[in-house]
Amino acid sequence: MDRSKLPRIRRTRQAQAARGQAMVEFALVFPIFLMLLLATIEFAFAFNAVLSSNYSTRDASLIGAEAGSNPGADCQIIKQVLADMTPPVDATKITQIIIYRANATGGPVSGSFSGSGNVWVHSTSPTTDCSAYGGSAALPFKLTTTNYPEGLPNSVTGAGGRCDFLNGCPDNAHRTRDTIGVQVSYTYTWHTPLPNFVPLATGSFTITRANEMRMEPIL
């Protein structure tokens, strides 16, 4: 055997071994890299959904504060939520909108959002339950619970309705001007195959956000 060829054979074998080692390392690292990439993309989608939900409730509560006790206020609030929930967020996945009366700390006055508000749930077909300033709007929600009706409170007891007078409503209960809140529940579903790598990331989860705004006063 020509001994002059031994270094060349040795180098060839070393190169082959190095390539084999690189392939093994790539096979081990690639799934981790792919999982991190998918997690980054998924986080961006989820974070966008959270921001959109929060922004829509802030915008909608401002609309509710401006609408005050006027009829059709709920319709305008819902329309604003839908207007703000734009792609990549899917507005059809809003499962529930609660328009409620808030207390001084921003929570519901009765201790529960549904107990203090009107509960609008997603409907598979457009509904005209939502009236807009004398007209009607075919929005994909229907009213299931009414604990915060439109209009002024009872003139004697101050119960029900929405108080939007600067110095409070003129009733025996001395009800002060309301703070109106809007809560949105959004079902988030995965956009990437991340659940294939993370067993706990299955199905979907609900994003719930709420914001409140003091009623714009009637002087």
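Starting from the stretch 104-115, keep only residues that are within 10 Å of Thr179 (Cα to Cα) and touching a residue at least 24 places away in the same chain (Cβ under 8 Å), then list their pairs with residues that are among the acidic types (Asp, Glu) and surrounded by 17 or more Cβ atoms within 10 Å (Cβ to Cβ) whose Cβ atoms are within a distance under 9 Å, requiring at least 6 positions of separation or different chains.
Here the result reads Gly106/Glu212, each pair linking the stretch 104-115 to a residue that is among the acidic types (Asp, Glu) and surrounded by 17 or more Cβ atoms within 10 Å (Cβ to Cβ).
Select from the stretch 148-207 the residues that are part of a loop (DSSP other than H, G, I, E, B) and among the small types (Gly, Ala, Ser) and list them in ascending order.
Residues satisfying the conditions are Gly151, Ser155, Gly158, Ala159, Gly160, Gly161, Gly168, Ala173, Ala201, Gly203.
Evaluate the stretch 46-54: report whether one residue or more is part of a helix (DSSP H, G or I), more than 13 Å from Tyr188 (Cα to Cα) and touching a residue at least 24 places away in the same chain (Cβ under 8 Å).
Checking the stretch 46-54: at least one residue is part of a helix (DSSP H, G or I), more than 13 Å from Tyr188 (Cα to Cα) and touching a residue at least 24 places away in the same chain (Cβ under 8 Å).
Could you say which residue among Thr40, Thr57 is under 31 Å from the mean Cα position of the chain (by Cα), modelled with pLDDT of 95 or more and β-branched (Val, Ile, Thr)?
Thr57
Does the stretch 95-110 hold any residues that are in contact with an Asp or Glu (Cβ under 7 Å, 6 or more places away or on another chain) and modelled with pLDDT under 95, and which are they?
Listed by number, the list holds a single entry, Gly106.
Please give the number of the condition Asp129 fails out of (1) over 16 Å from Ala67 (Cα atoms); (2) acidic (Asp, Glu); (3) assigned to a loop (DSSP other than H, G, I, E, B).
(3)
From the residues in the stretch 166-182 that are touching a residue at least 24 places away in the same chain (Cβ under 8 Å) and β-branched (Val, Ile, Thr), which one is surrounded by the fewest Cβ atoms within 10 Å (Cβ to Cβ)?
The selected residue is Thr179.
Looking only at the stretch 60-94, which residues are among the hydrophobic types (A, V, I, L, M, F, W, C), out of contact with any Asp or Glu (no Cβ under 7 Å at 6 or more places or on another chain) and in a helix (DSSP H, G or I)?
Scanning the stretch 60-94 gives Ala60, Leu62, Ile63, Ala67, Cys75, Ile77, Ile78, Val81, Leu82, Ala83, Ala91.
Which one is modelled with the lowest pLDDT, of the residues in the stretch 208-219 that are assigned to a strand (DSSP E or B) and touching a Gly at 6+ places or on another chain (Cβ under 8 Å)?
Looking at residues that are assigned to a strand (DSSP E or B) and touching a Gly at 6+ places or on another chain (Cβ under 8 Å), I get Ile218.
Can you name the residue in the stretch 30-59 that is within 17 Å of Leu194 (Cα to Cα) and among the β-branched types (Val, Ile, Thr) and is also surrounded by the most Cβ atoms within 10 Å (Cβ to Cβ) among such residues?
Step by step, filter the stretch 30-59, then rank; the result is Ile41.
The values are calculated or read from the model by the stated rules, or taken from the named source; none is laboratory data. These figures come from a predicted structure and were not determined experimentally. Note that each Cβ is placed from the backbone with ideal geometry, even for glycine, and that neighbours are counted across all protein chains shown.
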